[in-house]
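J.: Mind looking over this structure? Questions follow.
The values are calculated or read from the model by the stated rules, or taken from the named source; none is laboratory data. Just so we're clear, the structure is a prediction, and the values are computed from it rather than from any experiment. Methodologically, a virtual Cβ is constructed for each residue, glycine included, from the backbone with ideal geometry; neighbour enumeration extends over all protein chains shown. Side chains included, ligands, DNA and RNA excluded: accessible areas come from the protein's heavy atoms. Shrake-Rupley method; radii C 1.70, N 1.55, O 1.52, S 1.80 Å.
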Amino acid sequence: MRSGEELDGFEGEASSTSMISGASSPYQPTTEPVSQRRGLAGLRCDPDYLRGALGCLKVAQVILALIAFICIETIMECSPCEGLYFFEFVSCSAFVVTGVLLILFSLNLHMRIPQINWNLTDLVNTGLSTFFFFIASIVLAALNHKTGAEIAAVIFGFLATAVYAVNTFLAVQKWRVSLRQQSANDYIRARTESRDVDTRPEIQRLDT
């Protein structure tokens, strides 16, 4: 039978040996965040964004732009065709750009690219889409031949203009809020840095 002291010494040696072997083992557990190792596998849809006002407007914009584009594509004859081509370009561009932004925002992919001001990007997209959809719808309404496809394209063009205009208004408000928050953060950071300088007189002596 082993005595209590011998058992304690044996356990201590075993634990120290396991610690040494674990430290020297090349198979160490990684400390890399799971989100970085997963890459695109960790993507998840954000239902809160899709249920919110901006998400619903984005979905409506994509649908209306797509319907307007399909309507204009069904027209086989035109004379003159400049208004039709312009409306086709505007509706297709709005559908593609807004669809990409919808995917980025709904999957929170924009959070992985913080270098881009996404509030300003959304504002520019909605503002330009509102302007060009309005112009294209007016031009098509003035130059159309009263066919069903042209009338439907004009109607959906003006509906898209209205939805983009509402989104532009909300995007302006969101952009202003982000500017105020950024100004407040810069002010707090500047005050913190000034306090750090005041509490460290050696820095002041070096500056002088």
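J.: Which order, highest average first, do 61-70, 121-130, 108-117, 136-145 follow once you tally other Cβ atoms within 10 Å for each residue and take the mean per peptide?
T.: Going by the mean number of other Cβ atoms within 10 Å, highest first, we get 61-70, 121-130, 136-145, 108-117.
J.: Residue 79 versus residue 109, label points 7 Å from Cα toward the beta carbon: distance in nm?
T.: For the pair residue 79/residue 109, the computed spacing is 4.5 nm.
J.: Another question about this same structure. Two decimals is fine: what is log10 I(q)/I(0) at q = 0.15, 0.19, 0.21 Å⁻¹ for segment 100-184, from a Debye sum with one equal scatterer on every Cα and no solvent?
T.: For the requested q values the scattering log ratios are -0.66, -0.87, -0.96.
J.: If you don't mind, there's one more thing I want to ask. What part of the accessible area of segment 46-111, given as a whole %, is carbon or sulfur when the probe is 1.4 angstrom?
T.: 74
J.: Going by average Cβ neighbours within 10 Å, how do the peptides 44-52, 99-107 rank, with the highest at the top?
T.: 99-107, 44-52
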